[in-house]
Amino acid sequence: MSSSQPGALMGFVHRRRRGAELFLLVLALTVGIGAYAAVGLGVEGVVPADILGYGGGLAALIIGAHVVVRFVAPYADPVLLPVVAALNGLGLAVIRRLDLADGTTFAQQQLTWMTVGVVLFAVTLLVLRDHRVLSRFTYTAGLGAILLLLGPLVPGLGYEVNGAQIWVRLGPFGLQPGEVAKVLLVVAFSGYLVVHRDALALAGRRLLFVDLPRGRDLGPILAMWAVSLGILVFQRDLGSSLLFFGLFLVMLYVATERPGWLVVGSALFFGGAAVAYKLFGHVQNRVNIWLDPLAYFDESPGSGQLVEGLFGMAWGGLIGRGLGQGSPERVPYAESDFIIGAIGEELGLTGVLAVILLYGLIVERALRSAVVSRDAFGKLMATGLAGVLALQVFVVIGGVTRLIPLTGLTTPFLSYGGSSLVANWVIIALLLRISDQARRPVPDLSATDESPDEEATQVVKIPR
Amino acid sequence: MSELTLFLVRAAYLAILWIFVLSAISVIRSDMFGARVPEAARTGGPAAPKQKKSKSKKPAKPRRGQPTHVAVTSGANEGITVPLEQAPILIGRGTDAAIRLDDDYASTRHARIAASGDQWYVEDLGSTNGTYIGSVRITQPTTLVLGTQVRIGKTVLELRK
């Protein structure tokens with residue numbers, strides 16, 4: 001028996017842990033519905049009358065997603081779905097709280113978008129049984145991303161909100177195609193890098209610290225990236241430009257294992273930022289506000305929003321004012337970009353830390369799936385998706401807390417915003433699919449040895 | 001609504017939030033402290049029952065000797081042997097490879113030899129020039145038995161007792 005010792009660890013089987021997922025989901029629903037009840041208590045003094053209907057609807061959505069996972073991705077990661085459910089539930093409650101103060105109906109719409117998101121989540125898991133299928137659509141995805149990014153520039157279709165032309169009108173809905181484009185770009189980058197990473201890492205000349213790859217290896221992906229970045233800069237969408245740039249760097253670094261890329265990338269970033277600062281008024285404005293927010297409080301493209309957000313968080317302190325007891329509605333766009341400010345005001349540092357930790361967990365689970373994954377495409381895609389979420393959270397929370405200059409982006413799952421919510425649910429579906437493939441036990445190769453035809457549905461086939 | 005009730009609601013909600021965070025962390029604590037491999041797996045593997053089955057089914061299988069090492073039988077690195085205890089064994093030109101080849105036709109991370117149950121198999125890691133068994137370029141993990149010649153560039157490897 002001891003002769004098979006080297007095989008013992010390869011034969012290690014991950015537990016499915018669907019029961020643990022269900023337990024966490026119940027807790028996550030408590031977080032979501034509890035927040036809704038606390039908002040009602042805080043603002044109106046009574047538990048909202050529709051708490052049963054609301055809670056039932058939320059529970060039905062989440063349990064539905066759980067059942068789909070149980071059937072089509074039994075080995076998927078048990079933590080991702082509950083964490084996302086909790087963040088989404090908390091986001092809904094905070095948006096509802098702002099609705100009560102402002103007289104808007106964003107929470108209703110957000111709930112509709114969440115339903116769409118969960119349905120697309122289920123559809124993704126049901127249709128996409130093997131994430132490696134996506135690697136066939138490398139260039140299609142790249143082209144799709146660029147077309148989507150170009151959408152808002154088409155006259156009659158795209159329109160401008162707050163100086164950023166990133167919206168597309170489809171019937172009664174306004175959509176941000178950039179949110180979908182980021183998922184497609186991750187697919188395109190990972191599909192391309194999987195095929196070309198050896199050439200990128202080895203062929204080419206050495207310059208300073210970095211092995212510069214040959215133009216024909218880097219060319220296509222560089223073009224794809226430059227076009228998307230160019231479009232975003234043209235649309236004045238700083239946050240997304242930062243996101244895409246960082247995503248590109250992270251994936252290039254992970255694929256080639258050359259730390260030099262980070263050096264070159266950072267140099268390019270600071271160079272680009274300096275040029276942008278000189279050229280664009282709105283960039284200068286953002287940087288000035290970041291350096292000295294109080295000085296621009298009363299100006300017209302001023303720092304009122306940021307400063308009110310900071311005041312709110314300071315007033316919230318360690319444990320916050322309590323849901324419904326602060327006045328986060330003073331901050332413009334508190335329900336989208338500044339939702340973390342609203343949470344900081346009403347739930348305090350304690351709540352914000354919990355939220356950031358939850359994002360950390362999502363990223364950790366995604367990177368974990370990448371580590372465990374057996375195929376390079378899955379590894380890169382999981383890393384890329386983790387990178388997207390991590391960068392987005394960093395850019396927006398860093399901006400709101402004045403760690404970095406503020407650039408508009410949505411906080412994943414919390415912020416009001418249909419496109420973002422739906423795209424992020426699809427990202428989670430992709431991550432669950434990758435982790436399901438990764439944690440599934442290795443098909444028994446010795447069995448396929450005898451009857452390869454019977455094993456045709458297995459992940460690994462043995463060519464005869 | 002009295003101040004006290006509101007304070008209790010706030011404290012309770014923060015507690016729920018953190019209970020959720022901590023439960024989520026406790027579910028994945030194996031990531032931080034390492035997964036517990038069951039006692040059976042360490043001594044015989046979860047593959048143990050399978051092994052018995054396959055043995056009884058196929059007594060003719062070359063069970064006399066399990067391979068114990070991989071040897072490079074021709075090419076620039078001829079003579080290198082690596083024990084299979086280090087599995088999975090990475091083969092390639094990169095510095096992290098267990099068998100480091102000085103072969104211009106090999107990729108940085110060219111192929112990998114690993115075990116599933118008591119079977120060994122070789123898997124091409126997306127190399128540029130491919131991994132061959134005989135004259136066939138392998139596209140998926142392929143089983144190896146003692147003496148199967150695996151060709152990588154100008155190098156040939158095989159499993160030995």
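Worth a mention:
- Considering segment A:92-139, and only residues there that are modelled with pLDDT under 90 and of a type in the set (Asp, Glu), the residue that is nearest to A:Ser190 (Cα to Cα) turns out to be A:Asp130.
- Filter result for A:Val307 (among the aliphatic types (A, V, I, L, M), crowded, with 17+ Cβ neighbours inside 10 Å, in contact (Cβ under 8 Å) with a residue 12 or more places away in the chain and under 30 Å from A:Trp425 (Cα atoms)): no
- Screening A:Leu318 against (1) under 24 Å from A:Leu218 (Cα atoms); (2) over 26 Å from the mean Cα position of the chain (by Cα) leaves a single unmet condition, (1).
- Of the helices (runs of 4 or more DSSP H) that lie entirely inside segment A:264-372, those containing 1 or more residues that are within 14 Å of chain B (Cβ to nearest Cβ) span A:304-316, A:339-346, A:348-372.
- In segment A:233-255, residue farthest from A:Asp375 (Cα to Cα) [restricted to those that are among the β-branched types (Val, Ile, Thr) and touching a residue at least 60 places away in the same chain (Cβ under 8 Å)]: A:Val250
- Qualifying residue in segment A:70-91 (condition: part of a helix (DSSP H, G or I), farther than 25 Å from A:Val442 by Cβ, more than 14 Å from chain B (Cβ to nearest Cβ) and modelled with pLDDT of 90 or more): no
- Pairing each residue of segment B:97-117 that is closer than 13 Å to B:Thr143 by Cα with any residue that is of a type outside the set (Val, Ile, Thr) and at pLDDT 85 or above, provided the two are 6+ apart or on different chains, yields C-beta distances under 6 Å for B:Arg112/B:Leu90.
- Residue in segment A:155-164 that is of a type in the set (Val, Ile, Thr) and modelled with pLDDT under 85 present: yes
- When segment A:10-25 is filtered for residues that are assigned to a helix (DSSP H, G or I) and either at pLDDT 65 or above or more than 7 Å from chain B (Cβ to nearest Cβ) (or both), the ones remaining, listed by number, are A:Arg18, A:Gly19, A:Ala20, A:Glu21, A:Leu22, A:Phe23, A:Leu24, A:Leu25.
- Cβ-Cβ under 8 Å pairs, at least 6 apart or on other chains, segment A:27-50 side hydroxyl-bearing (Ser, Thr, Tyr), far side outside any helix (DSSP H, G or I) and surrounded by 18 or more Cβ atoms within 10 Å (Cβ to Cβ): A:Tyr36/A:Pro48
- Test: residue in segment A:124-131 that is basic (Lys, Arg) and either assigned to a loop (DSSP other than H, G, I, E, B) or in contact with a helix residue (DSSP H, G or I) (Cβ under 6 Å, 6 or more places away or on another chain) (or both): yes
Listed here are the residues, each with its yes/no results for (1) more than 10 Å from chain A (Cβ to nearest Cβ); (2) closer than 28 Å to A:Leu202 by Cβ; (3) among the aromatic types (Phe, Trp, Tyr).
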| residue | (1), (2), (3) |
| --- | --- |
| B:Gln119 | no, no, no |
| B:Asp124 | yes, yes, no |
| B:Thr128 | no, yes, no |
| B:Tyr132 | yes, yes, yes |
| B:Val150 | yes, yes, no |
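- Qualifying residue in segment A:219-237 (condition: at pLDDT below 80, outside any loop (DSSP other than H, G, I, E, B) and among the basic types (Lys, Arg)): no
- Among the residues making up segment A:377-433, those that are under 20 Å from A:Gly312 (Cα atoms) and among the small types (Gly, Ala, Ser) are A:Gly398, A:Gly399, A:Gly408, A:Ser415.
- From the list A:Asp50, A:Asp77, A:Asp99, the one residue that fits, being charged (D, E, K, R) and touching a Leu at 6+ places or on another chain (Cβ under 9 Å), is A:Asp77.
- Boolean, A:Gly144 is part of a helix (DSSP H, G or I), modelled with pLDDT of 80 or more, touching a Leu at 6+ places or on another chain (Cβ under 8 Å) and under 21 Å from A:Ala226 (Cβ atoms): yes
The values are calculated or read from the model by the stated rules, or taken from the named source; none is laboratory data. Note that this is a predicted model, so its numbers are computed, not measured. In this analysis, Cβ positions are derived from the backbone assuming ideal geometry, glycine residues included, and neighbour counts consider all displayed protein chains.
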